[in-house]
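The values are calculated or read from the model by the stated rules, or taken from the named source; none is laboratory data. The structure displayed is predicted, hence computed values, not measured ones. Note that each Cβ is placed from the backbone with ideal geometry, even for glycine, and that neighbours are counted across all protein chains shown. The accessibility values were calculated without ligands, DNA or RNA, using every heavy atom of the protein model including side chains. Shrake-Rupley method; radii C 1.70, N 1.55, O 1.52, S 1.80 Å.
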Amino acid sequence: MDPLSLLQLPRASRPPLPLAAAAAPSSSARLSVSGGARPVPRRLRRRAARLSVSAVATETPRTEEEQPSPSPSGTERFDWLDQWYPLAPVCDLDPRAPHGKTVLGLSVVAWYDRGAGEWRVFDDACPHRLAPLSEGRIDDRGRLQCVYHGWCFDGAGACKFIPQAPALGPPVHTNSRACVASYPCVVQNNILWFYPRADPEYKDVLQRKRPPLIPEIDDPEFVTVYGIRDLPYGYDILVENLMDPAHVPYAHKGIMRGIRKKEDPGRVEYDKEGGGPVKMKIEQANIEGFMSPQERGYFQFVAPCTLVGTPFPQEDKKKKVPRVMLVFFCIPVGPGRSRVIWAFPRNVGVWLHNITPRWLYHVGQNLILDSDIFLLHVEERKFAAAGLDNWQKACYVPTSSDSMVVAFRNWFRKFCKNQVGWATSQVDQLPPTPTKDQLMERYWSHVAQCTSCSAALKAMKALEVILQVASVAVAGFLAVAKGTLITSTVQRAAVVSAAVLCFAASRWLANFIQKNFYFQDYIHAYK
């Protein structure tokens with residue numbers, strides 16, 4: 001069962017989300033991260049341009065409780081560089097090769113240090129001529145090797161070998177300029193996280209601040225499906241879309257249906273999609289995020305990346321019931337680009353999880369993402385065209401179902417000035433819109449990053465070739481054996497049928513491969 005398809009269940013009893021502290025053990029029932037926000041260095045601040053990639057927070061009238069406290073010098077600024085960011089699920093990282101990723105505009109490479117038995121995260125640039133180390137290899141001594149000139153680096157980023165340097169000459173490889181910046185990193189919840197500051201004073205940052213912890217993922221009673229996808233729209237668009245349950249039965253029609261709501265008193269018009277009022281409220285809104293208790297379940301946003309919760313009713317503490325969690329990590333990649341990592345821990349349907357290949361889950365999950373990619377890509381550009389200060393004028397959000405979106409926009413406006421704190425200089429302009437098949441392509445955005453889907457694609461392509469060869473071989477056998485080995489009409493019909501079936505199966509498989517691993521259009525008008 002696709003974890004996202006659990007949203008289709010009309011009734012299910014679900015437990016409350018145990019929200020563990022991400023730092024030192026705490027009795028708090030809220031998921032949090034330790035350490036306060038640090039002020040952003042002046043050189044890293046970005047001015048908003050007219051066509052900025054992020055929309056301003058709504059100024060929909062708020063209650064007294066929600067009004068920000070006045071400050072003569074402005075509100076505390078969220079420090080984007082004093083946070084942990086997920087790179088990828090460990091199951092999608094091959095320890096035999098380096099893996100390049102971009103986070104906050106910063107290009108990094110993750111690789112497995114066999115000597116220490118740990119993952120490392122470096123700047124994705126060789127200090128020699130700035131060639132990408134992610135295109136390199138792990139040498140026979142377990143070092144990261146740049147394939148441009150063969151320079152080799154150990155787990156600390158120190159250069160250990162320069163082939164072009166004479167053995168009896170000066171030890172140029174020991175010069176500090178030959179080193180690669182190494183970032184603090186940790187594997188938590190089976191996901192590789194890194195901290196985007198490489199200065200020596202941040203070497204032990206893990207003792208002060210840890211990534212948000214999801215205890216269910218590490219619970220042996222739970223199973224978890226992981227996934228990753230790069231998306232052609234910005235971080236803020238990704239976050240607000242995941243915080244919007246009301247769009248599910250409409251934007252994902254034919255794939256998912258909304259959870260059936262209680263009858264709405266006074267309603268005389270109903271649609272076949274099953275949409276209805278969504279009751280939710282916002283609590284504990286501050287620089288670290290907010291909590292949103294809802295009619296059936298609740299979600300928590302832990303800034304800047306983590307959205308965790310359940311759309312199902314909370315469990316009765318007096319009895320044990322099945323528990324299903326939805327965990328999303330929203331990663332800013334660059335202007336108009338983001339990445340989502342999902343993890344769906346559950347303790348129901350464990351036996352099914354054990355016999356279902358992960359790529360089969362991803363077929364449905366990618367279709368869900370595809371169904372609103374174009375909508376969100378265009379929406380982002382309309383937000384940008386309206387201007388940063390006009391989001392509240394361009395968007396009318398009068399219902400409770402938009403409460404989390406409004407809360408996120410308020411957080412983004414109040415603490416981030418509607419800007420992501422990029423780690424490198426970025427052009428504050430959205431990239432051009434490509435064709436729809438490029439927007440919704442799956443291979444580079446997901447398949448190439450997923451070990452399960454990559455292996456499945458390779459196997460299916462091999463099977464396609466085998467079926468094609470078999471169909472030709474059977475047809476050739478019929479021509480050669482006609483009148484000798486094959487003498488009856490029934491035999492000839494059987495052989496011809498076998499050839500046709502092999503060919504038809506190869507064509508069906510080719511179509512399946514194209515739709516599920518490369519591109520499948522989603523036309524809302526025909527759903």
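The H on the amide N of Ala285, modeled in the peptide plane, is under 5 Å from the matching H of Met291, each at least 5 residues off or on a different chain.
In the full protein context, the stretch 486-525 carries 59 Å² of accessible surface per residue, based on a 1.4 Å probe and ignoring ligands, DNA and RNA. Summarise the accessible area of the stretch 293-423 (1.4 Å probe, protein heavy atoms) by the percent that is carbon and sulfur. Roughly 58 percent, rounded to a whole number. Peptides 299-312, 504-517 ordered by packing proxy, namely the average of other Cβ atoms within 10 Å per residue, highest first: 299-312, 504-517.
Using 0.36 nm per residue, how much length does the chain from Gln164 to Cys91 gain when fully extended, once their Cα-Cα distance is taken away?
My answer for the length gained is 22.6 nm.
Please list, by residue number, everything in the stretch 120-137 whose backbone N is under 14 Å from a paramagnetic label point 7 Å out along Cα→Cβ of Ser107. Hits in the stretch 120-137 for Ser107 at 14 Å: 122-136.
Packing-wise, with mean Cβ within 10 Å as the measure, how do 355-365, 468-478 rank, highest first?
Ranked from most to least packed, the peptides come out as 355-365, 468-478.
Annotation: for a label point projected 7 angstrom from Cα along Cα→Cβ of Thr435, residues of the stretch 490-522 with backbone N closer than 17 Å are 514-515, 518-522.
Highest-first packing order for the peptide set 209-219, 419-429 is 209-219, 419-429, based on the mean count of other beta carbon atoms within 10 Å. Too long at a 28 Å Cα-Cα cut-off: which of Lys101/Lys527; Lys253/Lys436; Lys101/Lys279? Beyond 28 Å between Cα atoms: Lys101/Lys527; Lys101/Lys279.
So, R0 is 51 Å and r is the distance between the beta-carbons of Phe512 and Thr424; what FRET efficiency does that work out to, to 0.05?
Efficiency, from the Cβ-Cβ distance: 0.80.
FRET efficiency for the Leu463 to Tyr443 pair, using the beta carbon distance and R₀ = 22 Å, is estimated at 0.75.
What's the magnitude of the charge dipole for the stretch 379-527 around its Cα centre, counting Lys and Arg as +1 and Asp and Glu as -1 at the beta-carbon? Answer in Debye, nearest 20.
160 debye
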